[in-house]
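Step one of this worksheet: look at the structure below.
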Amino acid sequence: MSTAAAALALAGTTLALAPAAGASSNPITHPDQDHMGWSLAARSGSTAPGTVTPAVSGLPGLDVSSYQGNVNWTTVKNNGAKFAYIKATESTSYTNPYFSQQYVGSYNVGLIRGAYHFATPNTSSGAAQADYFASHGGAWSADHHTLPGALDIEYNPYGSTCYGLSQASMRSWIHAFVNEYHSRTGRWAVIYSTLDWWKTCTGNSDSTFANNDPLWIARYSSSAGTLPAGWGFYTFWQYADSGTFPGDQDVFNGTAARLLALADNTA
C-alpha cells in the first residue's frame, strides 16, 4: 500500500467526486470558491489581508481548500505550522479535488490535521451532510495526527445569509449535523463561525453547543473579540486570510500537548 493510501486508510477516508444519491436539486455552482471565511475580509473592512498579528501565543496553523491547489507542506512545516484543516466536502455533492494531496501531504510532514465541511443548510439535512462528510474525508481515527472534523457554518455564498432558515430551524440543523457526526465518528465536531453570523442566524440563544463542540471563531483582528453564547474560550481562531502560510491563518488556543490531546480525544 502506498504512503498516501495508508494515511487515508488510517483516517477512515474514502474519496468520491460523483454527486451523492438523493442530493438536493438546489444548485451548488461554485464550490471551489467556497471556503472558511470566504467573505470575511470584505465584511470586516480589511484592506491589508495578512498583516494582522494575533495578540496571543498559541500554536500557529492554517486552513486550505481547493483554492490553494497543491500545497508545499514541507515549506509550511518549516515555517512553523503545527496544524492544518483541509476542506473535504460541501453539501452532499462535492469533494475537494485536492483533498488527498492536502490531507495526506500535511500528515506526511508530521502536522496534526483535520478536515472541514462547508455547510449549505438549504440543500439537505444536517444529518445527511454529516454522513456525507464522514464518508468523504471527515472521519476520525486515533492515529495521533487527526483532529475532529469541523463544521464550517457561515455566510451563504449563494443567497440569503441564513439560507432561508429561521433561527430555530438553523439551530435544529446544526444539532442534527453534530449529533450525526458524533454517532458516526465518536467525536464532537468543531464549530467554525463568526459572532455576527451566529447571532443573526441562530439567535445566539442555544448555549448547549458549547457543552460538546469546540469553538473555532473567525475574526480578522488582533483579538478574537466577544464569543458566541456559552463558550468561555475558543479552541481555534482564524485571524487573517493570508500571511505566513497558504490559505487562512489560524491559531490554536493551547500548548502542543493540548493539541495532541484534542487529536487523541483525551482532552
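The values are calculated or read from the model by the stated rules, or taken from the named source; none is laboratory data. What you see is a predicted model, and the numbers here were worked out from it, not measured in a lab. For neighbour counting, all protein chains shown are included, and Cβ atoms are generated from backbone atoms with ideal geometry for every residue, glycine included. Accessible surface is based on the protein model in full, side chains and every heavy atom, while ligands, DNA and RNA are left aside. Shrake-Rupley method; radii C 1.70, N 1.55, O 1.52, S 1.80 Å.
For Thr95, neighbours were defined as the other residues whose beta-carbon sits under 15 Å from its Cβ, and their charges (Lys and Arg +1, Asp and Glu -1) total -4. Put a plus charge on the Cβ of each Lys and Arg, a minus charge on the Cβ of each Asp and Glu, and nothing anywhere else: the dipole of the stretch 138-267 about its Cα centre is then about 240 debye.
How would the stretch 137-267 be classified by its alpha-carbon gyration tensor: rounded, prolate or oblate, with rounded meaning a/c under 1.5 and the a/b versus b/c comparison settling the rest? Oblate shape, in that a/c is at least 1.5 and b/c is the bigger or equal ratio.
Taking the square roots of five times each eigenvalue of the Cα gyration tensor of the stretch 170-236, the equivalent ellipsoid has semi-axes of 21, 14, 10 Å, listed largest first. At what distance in angstrom do the alpha carbon centres of the stretch 165-185 and the stretch 120-144 lie from each other? The distance from the Cα centre of the stretch 165-185 to that of the stretch 120-144 comes to 11 Å. Solvent-accessible area of Arg258, all protein chains in place: 120 Å² (probe radius 1.4 Å, heavy atoms, ligands and nucleic acids excluded). Seen from a random direction on average, the alpha-carbon convex hull of the stretch 136-213 projects onto 5.8 square nanometres.
Of the residues Leu260, Leu215, the one with the largest accessible area comes first in the ranking Leu260, Leu215, computed with a 1.4 Å probe on protein heavy atoms.
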